[in-house]
Amino acid sequence: MALVVAIDDDETIRELIAAALRFEGYEVMEAGNGASGLAMVRDYRPDLVVSDVNMPEMDGFAMLQALRADPAIQATPVILLTSLQEREHVRSGMTIGADDYLTKPIVFDELREAAAAQLTKQLMRQSAQAKATDTAITAALDTQKKQLGRLYEEKLLSELGDKWPTAESAAEDCKFANAAVLFVDVVNFSAFTEKLSSTELSTVVRQFYNNAGDTVYLFGAYHMQFVGEGLLAVFVDSTDTETVNCSLRATRAALGLIDAAQRVQGFLASHFPGRTLPRFEVSVGLNSGAVTLARLEDPLRGKSQILPVGDTVSAGVLLQKQAHQAGWKIAASASLLREVAGSVQTGRRKRFSLQGRSSAMDAAELLGLSL
């Protein structure tokens, strides 16, 4: 029987959560704040923690940070509970290592489904660990390190100079020695322009990019902007996201964008029944390396805008085009894969020739996160 620790300072909500989980056959322990809940986790080593965010003594974030910092319990899955108005809470929880989140008021079917999903993942992880020997794990990691090392050594990265900003404005540029770049685009956009009116098309595009913007925001994007019909996002490592590196957060966002496209497909089926529409699909390019966010001044209007520049950015955009042509939903460069080694599942690998580049780029099809 799986053990769950439910943490919430509202006794009524806490008892409802416990009752819903007990109905599913789980053993549930209750705590009224993060401090007592963390003590329970350390003492009883539960299979899952369900915690509110706003609580006295120790809130849900502090509890999660302390849990992830303790090697004995850091692998415990955590589902955070927050209100619909607290988007910053959701983003903070995901960037410091929460496994899932649910919004209040709680829909108990969603709670039961989320709990079951996390417990299933935990069981699969434990089963895989029990079957693997130390020798097999060491050999697999060594092989993976050598493969990624070869791919990384074959790729020559050259940062493009900042051509547009003036010398005066260049002082305000943000330069990152390593950042993750995500570019997503609707692969069959022109097919929709033929089938839908401009008003209908606007509704569909807004449906996806509202979800896309929220997804990228929740996983801690430092900067994002539209490029044509596509969305470009830059992720950097910073003090409030040190638990999860920028490349892994960009990877999670990419997987979330694929899910968002599937939801749009459901929206099309329900809002345009009987219409012969193409399937709504997107492709994503992921790359990592040096990035500069150049500030460009508009002297006529007195405004400025941020432009991500560098070889990392241009190569990431080009990689998305190649992902679509190869039939991949997500293509990740060798440099980014090196930074998420052991955390992701990959499929096909290919050496892409990118337009305008003298050297090819090694990339792999990204399928999901490792259990």
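The values are calculated or read from the model by the stated rules, or taken from the named source; none is laboratory data. Not measured: the values here are computed from a predicted model. Don't worry about glycine lacking a Cβ; one is built from the backbone with ideal geometry, like all the others, and counts go over all protein chains shown. For the accessible areas, the whole protein counts, side chains as well, though only heavy atoms, and no ligand, DNA or RNA atoms are used. Shrake-Rupley method; radii C 1.70, N 1.55, O 1.52, S 1.80 Å.
When the residues of region 218-241 are narrowed to those that are open to solvent by 50 Å² or more (accessible area, probe 1.4 Å) and modelled with pLDDT under 90, which ends up nearest to G310 (Cα to Cα)? Talk me through it step by step, then tell me what you get.
Step one: of region 218-241, the residues open to solvent by 50 Å² or more (accessible area, probe 1.4 Å) are 222, 224, 226-229, 237, 239-240.
Narrowing the set further to residues that are modelled with pLDDT under 90 leaves 226-229, 237, 239-240.
On the way: F226: 17, V227: 15, G228: 19, E229: 21, D237: 18, T239: 24, D240: 25 Å.
Among those residues, the one meeting the criterion is V227.
Selection over region 193-220 of residues that are under 29 Å from S333 (Cβ atoms) and not charged (D, E, K, R) gives a count of 13.
Pairs meeting the criteria (first residue in region 213-237 and closer than 15 Å to V186 by Cβ, second residue among the aromatic types (F, W, Y), beta carbons under 7 Å, at least 6 apart or on different chains) are E229/F189; G230/F183; L231/Y209; L232/F183. Beta carbons closer than 9 Å, at least 6 apart along the sequence or on distinct chains, pair a first residue in region 268-290 that is farther than 14 Å from F208 by Cβ with a second that is assigned to a strand (DSSP E or B) and open to solvent by 30 Å² or more (accessible area, probe 1.4 Å) for S288/N178; G289/A177; G289/N178; A290/K175; A290/F176; A290/A177; A290/N178.
Here L80, L64 are screened, and the one residue that is in contact with a Phe, Trp or Tyr (Cβ under 6 Å, 6 or more places away or on another chain), of a type outside the set (D, E, K, R), closer than 19 Å to L248 by Cβ and modelled with pLDDT of 85 or more is L80.
Here the condition is being at pLDDT 90 or above, open to solvent by 20 Å² or more (accessible area, probe 1.4 Å), out of contact with any Cys (no Cβ under 8 Å at 6 or more places or on another chain) and of a type in the set (F, W, Y); of F192, F176, F183, it holds for F176 alone.
I'd like to know if region 43-64 contains one or more residues that are surrounded by fewer than 21 Cβ atoms within 10 Å (Cβ to Cβ), part of a helix (DSSP H, G or I) and touching a helix residue (DSSP H, G or I) at 6+ places or on another chain (Cβ under 8 Å). Give the derivation first.
Of region 43-64, the ones surrounded by fewer than 21 Cβ atoms within 10 Å (Cβ to Cβ) are 43-45, 47, 54, 56-59, 61-62.
Then keep just the ones that are part of a helix (DSSP H, G or I); that gives 43-44, 61-62.
Okay, now just the ones that are also touching a helix residue (DSSP H, G or I) at 6+ places or on another chain (Cβ under 8 Å), so 61-62.
Yes - at least one qualifying residue is present in region 43-64.
One residue stands out in region 141-173 among those that are open to solvent by 50 Å² or more (accessible area, probe 1.4 Å) and under 25 Å from L255 (Cα atoms): the one that is modelled with the lowest pLDDT, namely Y152.
Summed over region 1-28, residues that are in contact with a Gly (Cβ under 9 Å, 6 or more places away or on another chain) and outside any loop (DSSP other than H, G, I, E, B) total 5.
Would a scan of region 328-342 turn up a residue that is of a type in the set (V, I, T) and closer than 19 Å to R252 by Cβ?
Here is the first cut: in region 328-342, the ones of a type in the set (V, I, T) are 330, 340.
Still in the running and closer than 19 Å to R252 by Cβ: 330, 340.
So far as region 328-342 goes, yes, one or more of its residues are of a type in the set (V, I, T) and closer than 19 Å to R252 by Cβ.
G327 falls short on exactly one of the conditions (1) more than 25 Å from Q118 (Cβ to Cβ); (2) touching a strand residue (DSSP E or B) at 6+ places or on another chain (Cβ under 7 Å); (3) not hydroxyl-bearing (S, T, Y), and that condition is (2). Of the strands (runs of 3 or more DSSP E) lying entirely inside region 289-371, those carrying at least 2 residues that are open to solvent by 10 Å² or more (accessible area, probe 1.4 Å), more than 30 Å from M124 (Cβ to Cβ) and of a type outside the set (S, T, Y) are 303-309.
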